Amino acid sequence: MSDLLTLAQSGYPAPIAGVTLAHYLFVSAAMFVLGLIGFLTRRNLIIMFLCTELMFQAAGIALVAFGRYHLNFHGQTFVIFILTVAAAEAAMALALVVLLFRRKESLNAEAWQDLKG
């Protein structure tokens, strides 16, 4: 088994000493929870947008950590897709925030409660 592990790691960087998968998952979970709490408690549209970006980055860290742990590049591939979605979301959210600010001159999400169906 150790020969197989040595063979699998021959083309990869040296193992990270002292830092395990659990450390990365803890950081990722903490970032995701902070983003979720910020999104649910804040009413400023820009802060809500930044909190969603924080949750995207937390998911990216978890995927890269799992990819590194299993010695494959699937996690990194998914992170590229997450970054693409985050970039598209950033462009749309920024355009929407500018449009909403021009209409009511407020970035408070409660000012747009009348849009509920």
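At q = 0.20 Å⁻¹, what log₁₀ I(q)/I(0) does the stretch 20-106 have when each alpha carbon counts as one equal point scatterer in the Debye sum? Ignoring solvent entirely, the Cα scatterers give -0.91.
The relative contact order of the stretch 20-67 comes to 48 percent, based on Cα pairs under 8 Å that sit 6 or more residues apart.
Sketch the reach of a paramagnetic label on residue 85 as a point 7 Å from Cα along Cα-to-Cβ, and name the residues of the stretch 45-76 whose backbone nitrogen lies under 18 Å away. Under 18 Å, as judged by backbone N against the label point of residue 85, lie 49-67, 74-76 of the stretch 45-76.
Counting beta carbons within 10 Å around each of 41, 52 and listing the fewest first gives the order 41, 52. Amide H to amide H, with H built 1.01 Å from N, residue 44 comes under 5 Å of 109, counting only residues 5 or more places away or on other chains.
Throughout, read-outs are computed from the coordinates displayed, never taken from laboratory work. Please read all numbers here as calculations on a predicted model, not as lab measurements. Glycine also receives a Cβ, built like all others from the backbone with ideal geometry; neighbour counts cover every protein chain displayed.
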